[in-house]
Amino acid sequence: MEEQIVGAKLEQQEFTRKELYDLVWSLPMATLAKRFAISDTGLRKLCERHEIPVPKSGHWVRFKKKVVKPVLPKKEFADDAIQLLLRGEGAGATSAAVTPQKLMEQEIRAKLQSKLTVPEQSVHSHPLVIQSKKALVEGTPDGWRYKGIVSCSRSGLDTGVTKGNIKRALRFWDTMLKCLEALGHTIEIRHDSTYAKLDAHNFKLLLRERCRREIIKGAVYDTSISSDRRIVF
């Protein structure tokens with residue numbers, strides 16, 4: 001169940017990795033959790049996701065002893081803005097904190113706000129989109145199992161659409177690829193499939209035009225046609 005702050009007006013505050021690193025080494029997690037709409041465990045997980053070292057358990061009890069503060073490691077795809085919600089008046093300790101997953105969603109939406117809308121016409125298309133357009137335009141539509149569908153996977157992005165929807169499909173791809181790359185993913189085409197790669201994780205991507213198959217009875221054998229098409233990821 002999604003946790004929410006009840007009866008409180010929340011405001012966002014943005015931090016760079018360095019600013020959040022300095023913050024978690026200046027005050028205990030429990031203290032920061034009272035300031036922001038997040039639990040101390042959630043704050044630790046947020047720091048872990050952004051590769052920000054945090055004080056170990058018991059650090060603030062023995063603060064008078066000399067402690068070696070770890071250096072903030074470099075991160076190839078460092079997020080410029082890490083967003084936290086400030087607790088408003090009336091959001092006491094009994095209020096539930098926003099989950100780390102919700103915070104991640106908010107960060108992604110904020111970072112991709114200007115990229116999430118699919119344009120009516122693509123400008124400066126992604127190189128893989130240009131490559132796929134050539135393969136789809138020059139491709140021959142299927143005449144048997146998926147009648148009217150033209151496909152490409154080996155020579156372009158893994159796509160299957162009708163000729164009339166090629167431009168629309170490519171606009172979807174262009175928006176998707178630019179958003180993924182803004183989040184640090186790399187896009188690869190290998191083994192006739194398209195992947196978004198982040199660190200050691202691979203996510204398979206494909207775009208298909210969903211069709212409803214209609215069976216046409218024949219004297220010798222039945223055939224089928226596709227109708228009610230719409231593009232889906």
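A short reminder: the numbers here are calculations on the coordinates, not readings from a lab. Only a predicted model underlies this, so the values are computations on that prediction, with no experimental measurement involved. Every residue, glycine as well, gets a Cβ built from its backbone with ideal geometry; the counts of neighbours run over all protein chains shown.
How much net charge surrounds Pro119 when only other residues with a Cβ under 14 Å from its Cβ are counted (Lys, Arg +1; Asp, Glu -1)? Walk me through the numbers on the way to the answer.
Numbers: positive: Lys115, Lys167, Arg168, Arg171, Lys178; negative: Glu120, Asp174.
Charge balance in the 14 Å sphere: +3.
Extension gain for Leu27 to Glu138 (0.36 nm times residue separation, less C-alpha to C-alpha distance): 33.8 nm. Residues in segment 181-212, backbone N under 16 Å from the label point at Leu116 (7 Å along the Cα-to-beta-carbon vector): list them, ranges by number please. Under cut-off, by backbone N: 181-183.
Computed from the C-beta positions of Glu11 and Val123, the FRET efficiency with R₀ = 41 Å rounds to 0.70. Pairs from the list Lys74/Lys204; Lys133/Lys204; Lys147/Lys167 with a Cα-Cα gap above 25 Å: Lys74/Lys204.
Under the simplified labelling scheme, the Lys56-Leu206 pair shows an inter-label distance of 4.8 nm, with each label point 7 Å from Cα along Cα→Cβ.
A simple rule links phi to the HN-Hα coupling: the Karplus curve 6.51 cos²θ - 1.76 cosθ + 1.60 with θ = phi - 60°, which for segment 175-181 gives 5, 4, 5, 5, 5, 4, 5 Hz, with x for Gly and Pro. In this structure the amide hydrogen of Ile38, modeled in the peptide plane, comes within under 5 Å of the amide hydrogens of Val98, none closer than 5 places in sequence on its chain.
Please compute the Cα-Cα pair-distance distribution of segment 127-232 with 5 Å bins starting at 0, giving whole percents from short to long. The percentages, shortest bin first, are 2, 12, 21, 21, 16, 11, 8, 5, 2, 1, 1, 0.
Which loop chymotrypsin sites (Phe, Trp or Tyr not before Pro) in segment 110-213, with loop taken from DSSP, have no more than 14 other Cβ atoms within 10 angstrom of their Cβ? Display every interim value, and only then the final one.
Values: sites: Trp144, Tyr146, Phe172, Trp173, Tyr195, Phe203; in loops: Trp144, Tyr146.
For chymotrypsin sites (Phe, Trp or Tyr not before Pro) across segment 110-213 that sit outside H, G, I, E and B with at most 14 neighbouring Cβ atoms in 10 Å, the list reads Trp144.
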